[in-house]
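Encoded as structure tokens, the structure appears first; notes follow it.
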Amino acid sequence: KQEVTQIPAALSVPEGENLVLNCSFTDSAIYNLQWFRQDPGKGLTSLLLIQSSQREQTSGRLNASLDKSSGRSTLYIAASQPGDSATYLCAAPLGGSTLGRLYFGRGTQLTVWP
Amino acid sequence: DGGITQSPKYLFRKEGQNVTLSCEQNLNHDAMYWYRQDPGQGLRLIYYSQIVNDFQKGDIAEGYSVSREKKESFPLTVTSAQKNPTAFYLCASRFGETQYFGPGTRLLVL
């Protein structure tokens, strides 16, 4: 069964901390992985798309890494801020799908308190 | 403004009623997707369309139907056969390998 798993399900940290969100997947042949942010009651916003040929992708304070051999991706958030509070989801096209079919993890709900 | 719009924001369904959720995009994307999100769950794919007049079932298509008569529109009908329709419904379109999402419609059963 193709699966994407995210740990932890929830994370609460004080402002300023650096933190890591984890994503694991069952298909080592994926060709990319995407990280999204979701605010309560809203749609998803794409944060980073990392290709299988890349090991890392950076955008501002966010850095995503991808290790296909171990079936893992991490999203690193530097110097966290209260505005980073949201649910973060990872998604990948498992099973060799080239039709844009994404499989999502359940997300990590992040709270950054002042 | 380019983007994806979904309407209504909230929708109430009575027992035995069919309801239709609207999804429109002006991004000129060929591929569009419908996902369902339940509390504490990841998104699950209902239907997707790669091109006008063509669509395929996703993982949880039972009780749902779609049409793709125009490139910019991909409406989802929740039929009376869907016994547990209460959820947050998200529409997306794709350019390259990136999916872009609408704001969602929350469906509630009266």
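The values are calculated or read from the model by the stated rules, or taken from the named source; none is laboratory data. Computed from a prediction, not measured in an experiment: that's the story for all the values here. As a convention, Cβ positions derive from the backbone with ideal geometry for all residues, glycine included, and neighbour counts pool all protein chains shown.
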Filtered residues of region A:63-91 (kept if of a type in the set (S, T, N, Q) and either crowded, with 20+ Cβ neighbours inside 10 Å or under 11 Å from A:V20 (Cβ atoms) (or both)): A:N63, A:S65, A:S73, A:T74, A:S80, A:T87
Evaluation of B:F55 against (1) at the interface with another protein chain (Cβ under 10 Å from one of its Cβ atoms); (2) part of a strand (DSSP E or B); (3) over 19 Å from B:S7 (Cβ atoms) (one fails), failing number: (1)
So B:Q6, is it at the interface with chain A (Cβ under 9 Å from one of its Cβ atoms), touching a Pro at 6+ places or on another chain (Cβ under 6 Å) and either among the aromatic types (F, W, Y) or not in a loop (DSSP other than H, G, I, E, B) (or both): yes
Members of region A:7-29 found to be farther than 16 Å from B:G42 by Cβ and crowded, with 16+ Cβ neighbours inside 10 Å, listed by number: A:L11, A:V13, A:L19
B:L27 vs. criteria more than 11 Å from every other protein chain (Cβ to nearest Cβ), under 20 Å from A:L47 (Cα atoms) and surrounded by fewer than 17 Cβ atoms within 10 Å (Cβ to Cβ): yes
So B:R94, is it touching a residue at least 40 places away in the same chain (Cβ under 8 Å) and either out of contact with any helix residue (DSSP H, G or I) (no Cβ under 7 Å at 6 or more places or on another chain) or hydroxyl-bearing (S, T, Y) (or both): yes
Selection from region B:58-110 of residues that are of a type in the set (S, T, N, Q) and within 14 Å of chain A (Cβ to nearest Cβ): B:S93, B:T98, B:Q99, B:T105
Filtered residues of region B:53-110 (kept if among the β-branched types (V, I, T) and crowded, with 21+ Cβ neighbours inside 10 Å): B:V66, B:V78, B:T105
Failed criterion for A:L110 (all others in (1) at pLDDT 95 or above; (2) over 14 Å from the mean Cα position of the chain (by Cα); (3) surrounded by 16 or more Cβ atoms within 10 Å (Cβ to Cβ) hold): (2)
Failed criterion for B:G42 (all others in (1) at pLDDT 95 or above; (2) buried (at least 18 other Cβ atoms within 10 Å of the Cβ) hold): (1)
Any chance B:Y35 is more than 10 Å from chain A (Cβ to nearest Cβ) and assigned to a strand (DSSP E or B): no
Qualifying strands (runs of 3 or more DSSP E) (wholly inside chain A; at least 1 residues being touching a helix residue (DSSP H, G or I) at 6+ places or on another chain (Cβ under 9 Å) and within 13 Å of chain B (Cβ to nearest Cβ)): A:4-7, A:19-25, A:32-38
